[in-house]
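The values are calculated or read from the model by the stated rules, or taken from the named source; none is laboratory data. In this text, all values refer to a predicted model and were calculated from it rather than measured experimentally. Cβ: placed from backbone, ideal geometry, glycine included. Neighbour counts: every protein chain shown.
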Amino acid sequence: MAKRIVWTSTAKKARREILEYWIKHNGSSVYSKKLSKLFRTKASLLETKHYLGKPTDFYDVRVSLVSNFSIFYKVHTSEIVIVGIWDNRRNPDDLRKNLEL
């Protein structure tokens, strides 16, 4: 059964910052558009394949990879809540404060 996808404000902010960074870094929006499409595609896949990602050390949080990024999410009865997006090249010590747990 398909579940509704809900993005937390923290996840939306992280997604926006990632896309803006790559636009500025590359001087073009081509890569950011590609990433945005990959994020949307993964979210759509999670609507029906809720347990696609691996469990994490965070309570009730799963993670699924998209290129160099991790999408952290929770599975609820009627929805999938995306709690954060993380660039896997960043310092892992900063991860917890960038998720809306």
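Residue check: is THR77 within 20 Å of GLU100 (Cβ to Cβ), not in a strand (DSSP E or B) and not small (Gly, Ala, Ser)?
When the stated conditions are applied, THR77 passes them.
Mind listing whichever residues of the stretch 82-101 are within 14 Å of ARG15 (Cα to Cα) and either at pLDDT 90 or above or of a type in the set (S, T, N, Q) (or both)?
ILE82, VAL83, GLY84, ILE85, TRP86, ASP87, ASN88, ASN98
Looking only at residues in the stretch 1-21 that are closer than 19 Å to ARG96 by Cα and touching a residue at least 24 places away in the same chain (Cβ under 8 Å), which one is surrounded by the fewest Cβ atoms within 10 Å (Cβ to Cβ)?
Looking at the filtered set, the residue picked out is SER9.
Among the candidates TYR59, TYR31, single out the residue that is without any contact (Cβ under 8 Å) to a residue 24 or more places away in the chain, of a type in the set (Ser, Thr, Tyr) and either touching a helix residue (DSSP H, G or I) at 6+ places or on another chain (Cβ under 9 Å) or closer than 23 Å to ASP94 by Cα (or both).
TYR31
Return the residue satisfying two criteria in turn: it lies in the stretch 22-57 and is among the charged types (D, E, K, R) and not in a helix (DSSP H, G or I), and of such residues it is nearest to ASN98 (Cα to Cα).
The qualifying residue nearest to ASN98 (Cα to Cα) is ASP57.
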